[in-house]
Amino acid sequence: MIEDFDVSADWHVAAPYPFLAGLRRERPVFRSEHLGAYVLTRHADVRAAYGDPRRFSSAGSLTISRSLTRETREKLGEHGSFLSSFVANVDPPDHTRLRRSVSKAFTPRAVSALEHRFRELNEDLLDRVQPQGAADFVREIGHEPSIKLTARFIGVPEQDEAFVQAHVKDWFQLFLSPQPPERQLELADSFLTYLAYVDGLVADRAENPRDDFTSLMASLIGQELTHREVVELISTILLGGNDTVPNQLGNSVLRLLREKAWPVPPALVQNTVEECMRIDGASLGSFRYATTDISLHGVTIPAGALVLLSTDSAAHDETVFAEPERFLIGRPNADAHLVFGYGIHFCVGAALARLQLRTAIEVLGRRLPALRLADRPISYRRSIVGRGLAALHVEW
């Protein structure tokens, strides 16, 4: 039996489910030496921890910089604690203030208005790609529409989209996946360049406002938000649109093709998206810090300890999801997964992410009904908290 998590091993992201099932059964509160954290694996415990910010604090939880070398930390300087004021990385009352400000841009009406544009972006991409008859889904199909939609929402000029995508990828690697010392320094340079770009974008919109998210947030500087908070908000939303949502789409398409469930009937797309997120979530969990000694299932988590809330494991909990390893498009409680978190930290962009996934699967199913896997190896990116494919070769 596998004894611990191992970020350097392929199974850690690709197929951790037997290991997680063993933890839920035998060690629901597991001390991982590899992660340097206690891990909660049962759905009820993960949900309860999300709903208890007083004992499971978010403060500093996204700054996964423990693996950074001293030289890298010195290069980053104050930005080594990047995300220190991001909405998912703070507790009330700062969280309440930040979330209230961000929510102004994520109204149901505003999100709905983006659907038509996202549909157009997918159609335009397929007009170009469809004649090829084959593609790497990750590189040629899965990312572009989401990147372009997010850029438009944020206010990133079209000519800067590739720059942002490249630097967001570097940021993800620096903070959320293990890297050798030399590579850390390269990624730190890229990250500082990216931060300077976003900082400049915020400053420009403060002086020359437009109809975009950056302008809306910049208008709140000095009233509800600080300049740094706005920079971090924008930087992190760009991460979601450039990385997390496309990763989930790639995971979902792979699952649907493997299960021979492609194309998905339009009436079932919404529930299918939830089941795909449940069984192959792009997010593996969230970190928290214990603010006091916490006793759970005979284990005491000491005050100050890092805790991983494993949404990946919770989504496969047998007590919540019957036959959790089976992919069931019609699963009645598929949306009981915790991929978007729970409680005050429920992802503010969840509605937009769901809209993108539904729209993409619907358009792809209609345009590429004969989509199938090519005879090529499938590999995942290595990460502490994310599941995404390195490549996915498909044909039609």
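Please treat every number below as a calculation from the coordinates, not as lab data. Keep in mind the model is a prediction, meaning the values are calculated, not measured. No Cβ is skipped: glycine too gets one built from the backbone with ideal geometry, and neighbour counts run over all protein chains shown.
Descriptive notes on the structure:
- Taking amide H as placed 1.01 Å from N in the peptide plane, the amide H of residue 390 sits under 5 Å from that of 379, 380, 381, each at least 5 places away or on another chain.
- Within the chain, helix-based [θ] at 222 nm, where runs of 4 or more DSSP H residues each add -39,500 (n - 2.57), nearest 500: -14000 deg cm²/dmol
- Annotation for segment 355-384 versus segment 240-294: alpha-carbon center distance of 12 Å.
- Separation of the residue 319 and residue 112 label points, Cα + 7 Å toward Cβ, nm: 3.9 nm
- Segment 11-395, relative contact order [Cα under 8 Å, separation at least 6], %: 27 percent
- Residues whose amide H falls under 5 Å from that of residue 262, counting only those 5 or more places apart or on a different chain, are absent, with hydrogens built in the peptide plane.
- Ordering of 385-395, 143-153 by burial proxy (mean other Cβ atoms within 10 Å per residue, highest first): 143-153, 385-395
- In terms of Cα atoms, the Rg and Dmax of the chain work out to 20.5, 60 Å.
- 3J(HN,Hα) couplings calculated from phi for segment 282-298 with the Karplus curve 6.51 cos²θ - 1.76 cosθ + 1.60 (θ = phi - 60°) are, in sequence order, 6, 10, 8, x, 10, 8, 9, 10, 6, 8, 8, 4, 10, 9, 8, 6, x Hz; Gly and Pro show x.
- Student exercise, segment 11-395 dipole from Lys, Arg, Asp, Glu Cβ charges, in Debye to nearest 20: 880 debye
- For segment 230-240, Karplus couplings with θ = phi - 60° (6.51, -1.76, 1.60), whole Hz, Gly/Pro x: 5, 4, 6, 4, 5, 4, 7, 5, 5, 4, x
- Projecting the Cα positions of 248, 237, 261 onto the charge dipole of segment 213-264 (unit charges on Cβ atoms of Lys, Arg, Asp and Glu, taken about the Cα centre) puts 261 furthest along the positive direction.
- Nonlocal amide H pairs with residue 37, under 5 Å, H built at 1.01 Å: 32
- Calculated FRET efficiency for the pair residue 74/residue 350, C-beta based, R₀ 41 Å, to 0.05: 0.65
- Estimated distance in nm for a label pair at residue 120 and residue 223, the labels positioned 7 Å out from Cα along Cα-to-Cβ: 3.0 nm
- Rg/Rh (Cα only; Kirkwood hydrodynamic radius) as it applies to segment 1-75: 1.02
- Look at where the Cα atoms of segment 308-334 and of segment 149-188 average out, and the two centres are 32 Å apart.
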